[in-house]
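Contents: one structure, followed by commentary.
The values are calculated or read from the model by the stated rules, or taken from the named source; none is laboratory data. Note that the coordinates shown come from a computational prediction; the quantities given were computed from them, not determined experimentally. Here Cβ is always computed from backbone atoms with ideal geometry, including for glycine, and neighbour counts include all displayed protein chains.
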Amino acid sequence: MRIAIYGKGGIGKSTITANLAAALAERGKRVLQIGCDPKHDSTRLLLNGKRVMTALDYLRDVPPVMQRLSEVLHTGYKGVVCAEAGGPEPGVGCAGRGILSTFAFFERLGLKTEDFDVILYDVLGDVVCGGFAVPLRKGFAEIVYIVTSEEFMSIYAANNILRGVQNFDESPYRIAGLILNSRGEAEDQKKVYRFSKAARLPVKYTIQRSSLFRKAEELDKTVVEAFPESSETKLFQTMARGFFDDNKLFPALPLEEEALERIVLKGEQPDKDKKIVHHVSGIKSKEKEKPGAPSASDQENRLPASTFLSKSMLCREPLHGCAFTGAICTTTQINGSISVAHGPRSCSQIACQTILAGGLRALYQKNVIIPEQLFPSMLSSDMNENVVIYGGMDDLTEKLRQAVAAKPQAVFVLTTCPAGVIGDDAESAIRIISAEHPEIPVIPVTTDGNIRGDYMQGVLNACMEGAGSFIDPCCKPEYDLVNIIAEKNIANNAETNFAVISNLLNELGISVNCRFVRRTSIEALRGFLKGRLNLPAFNDHFGRVLINFLQERFQISFAQNAFPVGFYESERWLNEIAVFFEKETEAERVIGLFRKEYRERMEPFRKALEGKRIMIITYIHDTDWILETAFDMGMEVVKVCILNYSQDNLFRTRYPGRFEVETNYPPQKRDDDLRRLKPNLLLCNYTPQDLPLALHADTIPLCPDVGFYGGLAFAGRWAALLKSPVKEGWKYESEKFA
């Protein structure tokens, strides 16, 4: 049983919840209690007054790679497992967002709810923002009890809780009833019973005012533990039995404010002869248009939120970009789909510019037209200040209706920072649209702007939750087909590199089945498992995460070597594929042709570069293609400096001992190393500034040209660069006037 106990702050819901947990545990039930209140005191009485590490403090202080669920789960009285969400100090931050982050944390680390007989969520009921509705979502809480007293503000809060349940509840029957924690005399209790009758909810249990609660709290214990023979303890034991024996649930029927005041404050009796105005949520009424219709997004193959993290998330580096942008740059690569951005128009414009930039670079520099990037298929819900204050579910629902009206093969929903901060539940809008159009899959992708991570995390989530949800596990491998994974959509040479790889495969009689995820289609994704072998474009952290995900989910085969750059890697790559497909003879013929051509092309560059000294400073950890090119040209590599950065964390080389190497290189050492080693050429990922001596410098591309001649293209640049003067003439002139 999953039970959420809501109530106004200070109403006593934490005391009631803790005593109930103790009573359930005494009956032999395995109980988990999660406190969803910034005061983080829900479980204190179960832990003898101990204040525990909250989930939010733990998330803040511990790197993701070191996080363990056991660190935020604490065992209390009679084995009750306790957890506290925590929250910010009063006056700062957003406690509702904290609840969202806590539940995402529990999901990511795999909280096993099936290990418990009862889960109790102790939830603050004063605040009605989306974060505090989290226990109602995704099946976290099946049953809701509302704690109230005779005070009008307590009843007012109870009514607001009913409104929150109505807004976010996907089930028409979720409320078990009211728990009256009495503060006054019997006459005052009539207010609660009038509200109960009007809201059509029973008062299930009444807890009378008692000094034993104060005495037990002074002992840092529950009444159940401190005074086991008391009438108060017997009441909680009765409640514990009743929670299992009485399973009747009721719909949330909150009252309009005028009716609430008329009934509670003025004492008007709610009866059949007098009209009671119940509040009706706009979201709920729309959801009722097609009740019971199947949701296309709830397909069996639907993936949970990703537990695979980008390197910057694992290493707690500053975020490199935004998860929303990374995800939308990926989903827009899927032909026949529409990506709907739930957020301000500016977020969509920035993401669109990022997509267009790659398409325009490919067009201008490579003369390659990429329609997915020149004309990205995306819509925005155009959140504004009013939406941020009051919620944007109506706007998102209408934008999704606009998307499905275009009859796409799929719709992806991606949320920005504002949507994540205010706790908009995009999945409730998705359920509405899926009920209206069950034939069109509507797939949410976890982003929330950069709340859920950086650009690369967004790409990973889009690949796994979005594209991965379409893979048909029933497809069987076909002999001469391969898939390509982990191409980088931001690379302006991605299409020319794909053409090179495709041509090499064609030489062996092998075709590409699906690109995961670039310039692909829903049909290709569904048939992903037709590929007998999967070829990673990169073996960096991004590539390895995707490999681990696909292997874990589908148990498929991968080539060990990534897209090759240079002759050695290309020969090794082609031979590996040839062995897998039993095409060694074809591979030997192709490699022989390229070897002759490579030697002929190499000679002019070698004459210009032989004997020159080269130094490398890079965050790219796989540098062998650069080293191979330098050594083939007869150059001397004086030092390789590996920066710690988000692309990778595993330096490797097949040339050990042939040069000086330093990993985790501190950039401030650069100038001293340049003066000491005096290279002719410096290679960096970005154009270096303020060099301490005159020398030539070139940039290392994030995604180099692949194939047998990839290194030669780079050598041609070096040869041309070294022929030019180290300093331009105008700079010499400027020194005369210095």
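Some observations on this one:
- As for segment 296-313, it holds no residue that is at pLDDT 80 or above and aromatic (Phe, Trp, Tyr).
- Single residue of segment 338-369 satisfying the filter (among the hydrophobic types (A, V, I, L, M, F, W, C) and within 24 Å of Val500 (Cβ to Cβ)) that is modelled with the lowest pLDDT: Ala362
- A search for C-beta distances below 7 Å between a residue of segment 172-187 that is closer than 19 Å to Gly9 by Cβ and outside the structural domain of Met239 (by TED's automatic domain parsing) and any residue that is at pLDDT below 70 and in a strand (DSSP E or B), counting only pairs 6+ apart in sequence or on different chains, returns nothing.
- Test: residue in segment 8-17 that is over 27 Å from the mean Cα position of the chain (by Cα), aliphatic (A, V, I, L, M) and in a loop (DSSP other than H, G, I, E, B): yes
- The set of residues in segment 373-416 being within 17 Å of Glu427 (Cβ to Cβ) and among the acidic types (Asp, Glu) consists of Asp394, Asp395, Glu398.
- When segment 75-100 is filtered for residues that are in contact with a Leu (Cβ under 7 Å, 6 or more places away or on another chain) and either more than 26 Å from Lys8 (Cα to Cα) or surrounded by 24 or more Cβ atoms within 10 Å (Cβ to Cβ) (or both), the ones remaining, listed by number, are Gly76, Val80, Cys82, Ala83, Ala85, Gly86, Gly87.
- Asn539 within 27 Å of the chain's Cα centre (by Cα) and either of a type in the set (S, T, N, Q) or surrounded by 14 or more Cβ atoms within 10 Å (Cβ to Cβ) (or both): yes
Quick grid of which residues meet (1) assigned to a strand (DSSP E or B); (2) more than 15 Å from Tyr709 (Cβ to Cβ); (3) out of contact with any Phe, Trp or Tyr (no Cβ under 7 Å at 6 or more places or on another chain):
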residue: Gly592; (1), (2), (3): no, yes, yes
residue: Arg595; (1), (2), (3): no, no, yes
residue: Glu600; (1), (2), (3): no, no, yes
residue: Ile614; (1), (2), (3): yes, yes, yes
residue: Ile620; (1), (2), (3): no, yes, yes
residue: Trp625; (1), (2), (3): no, no, yes
residue: Glu628; (1), (2), (3): no, no, no
residue: Val637; (1), (2), (3): yes, yes, no
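- Across segment 10-31, a minimum of one residue is classified as of a type in the set (D, E, K, R), under 24 Å from Arg214 (Cα atoms) and crowded, with 24+ Cβ neighbours inside 10 Å.
- Test: residue in segment 238-245 that is closer than 19 Å to Val192 by Cβ, at pLDDT 90 or above, assigned by TED's automatic domain parsing to the domain that holds Gly49 and surrounded by 19 or more Cβ atoms within 10 Å (Cβ to Cβ): yes
- Residue in segment 700-714 that is surrounded by 12 or more Cβ atoms within 10 Å (Cβ to Cβ), within 17 Å of Val640 (Cβ to Cβ) and without any contact (Cβ under 8 Å) to a residue 24 or more places away in the chain present: no
- Exclusive hit being part of a strand (DSSP E or B) and not assigned by TED's automatic domain parsing to the domain that holds Ala357, set Val545, Val500, Val482: Val482
- Boolean, Glu487 is surrounded by fewer than 20 Cβ atoms within 10 Å (Cβ to Cβ) and in contact with a Lys or Arg (Cβ under 6 Å, 6 or more places away or on another chain): no
- When segment 530-545 is limited to residues that are in contact with a Phe, Trp or Tyr (Cβ under 8 Å, 6 or more places away or on another chain) and modelled with pLDDT under 95, the one that is nearest to Val482 (Cα to Cα) turns out to be Phe538.
- If you go through segment 44-65 and keep only what is polar (S, T, N, Q) and more than 22 Å from Cys94 (Cα to Cα), you end up with just Asn48.
- Scanning segment 515-561 for residues that are free of Cβ contacts under 8 Å to residues at least 60 places away in the same chain and of a type in the set (S, T, N, Q) returns Asn534, Gln551, Gln555, Ser557, Gln560, Asn561.
- Residue under evaluation Cys514, criteria (1) of a type outside the set (D, E, K, R); (2) crowded, with 23+ Cβ neighbours inside 10 Å; (3) in a helix (DSSP H, G or I); (4) under 25 Å from the mean Cα position of the chain (by Cα), criterion not met: (3)
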